[in-house]
Amino acid sequence: MGALYIFLFTLMSFTISIHAHNITEILSKFPEYSEFNSYLTQTKLADEINSRTTITILALTNGAMADVVGKHPLSVIKNVLSLHILLDYFDNTKLHKISDGTTLTTTLYQTTGNANGNLGSVNITDLKGGKVGFGSAVSHSPLASTYTKSVKQIEYNISVLEISSPIIAPGILTAPAPSALDFNITAALEKAGCKTFASLLVQSGVLKTYQTAIATGLTVFAPNDEAFKGKNVPDLNKLKSAEVVSLLQYH
């Protein structure tokens, strides 16, 4: 019986370990992906990623994200980023050893029910000179993005790879009728000079609370960046996580 308990405990520990990845924490160590990381949180794609055991993230740098954010509502940004979440494991070695030199792989966008045909898949093709191209799997779509480098892997569980530019499928940038849920809270705050406040919302996770409240109406009293520099303002670096959450919820 004792041996059985040990076996079950070991099995449970192994099961927990293969689920133990957090894309937000992984990307937080790389400031060049801060925009990408922020929008994974805002669109709740981070939760989808963390719930899966085999997945590949095609990360975009802050510069590459500029081609997507600021021009489209959050619902469209979510669709675009969903195309960058592959439901299979790819690392540097696998990318350069694709059978027949090309493959189509399913993305998270395919699971939304909005992707007809190959709209929810990505074409990965080995190119000349050791390069790897990425593009929409829709026929005649260009391989407009290329593999840049490997960022992080937990073998056969999660892989983060950097690509040069966004993968844009035909029609994916067409916005549906706007709704309150499309309102981009952090973008509005940053535009108003409240970047510190916006950053705290994302880092603390309170942003999810704000987003949930939008549907029924939300008013935020957001201090601007200068307000955080006041003499009587506590040092944010010395506040405990619970204190930061309370501060943000108070506003």
Whole-Hz ³J(HN,Hα) from phi, Karplus 6.51 cos²θ - 1.76 cosθ + 1.60, for the stretch 122-128, glycine and proline x: 10, 8, 10, 9, 6, 9, 5
Could you tell me how many degrees, from 0 to 90 and to the nearest 10, lie between the Cα long axis of helix 195-204 and the main elongation axis, the longest principal axis, of the Cα atoms of the chain? 60 degrees
Check which residues have an amide H placed less than 5 Å from THR148's amide H, if you skip close sequence neighbours. GLU162, ILE163, SER164
Which of the lysines could a cross-linker span from LYS128 if the Cα-Cα distance has to be under 26 Å and same-chain partners fewer than 8 positions apart are dropped? LYS94, LYS97, LYS149, LYS152
Candidate aspartates and glutamates - alpha carbon under 20 Å from LYS231, same-chain residues fewer than 8 apart omitted: GLU243
Hey, any idea what Rg/Rh is for the chain, computing Rh the Kirkwood way over Cα pairs? 1.02
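Need one word for the stretch 185-250: rounded, prolate or oblate. Basis is the Cα gyration tensor (sqrt eigenvalues a ≥ b ≥ c); a/c below 1.5 gives rounded, then a/b vs b/c decides. Present the calculation step by step, with values, prior to reporting the outcome.
On the way: a/c = 2.04, a/b = 1.35, b/c = 1.50.
The shape class here is oblate.
Only four residue types carry charge here, +1 at the Cβ of Lys and Arg and -1 at the Cβ of Asp and Glu. Report the dipole size of the chain about the Cα centre in Debye, rounded to the nearest 20.
Working: 18 positive and 18 negative charges, 38 e Å.
Rounded to the nearest 20 debye, it is 180 debye.
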Cα gyration tensor category, rounded, prolate or oblate, for the stretch 22-70 with a/c compared to 1.5: prolate
For SER136, distant residues with modelled amide H under 5 Å away: ASN123, ALA144, ILE168
Taking θ as phi - 60°, what are the ³J(HN,Hα) couplings along the stretch 184-193 by the Karplus curve (6.51, -1.76, 1.60), each to the nearest whole Hz, with x for Gly and Pro? 8, 4, 5, 5, 5, 5, 5, 5, 8, x
0 to 90° range, to nearest 10: angle between helix 2-19 axis and the chain longest Cα axis: 80 degrees
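Each value in this text was obtained by applying a stated rule to the coordinates, not by laboratory testing. Predicted model only: the values in this text are computed from it and were never measured. Every residue, glycine among them, receives a Cβ derived from its backbone with ideal geometry; neighbour counts consider all protein chains shown.
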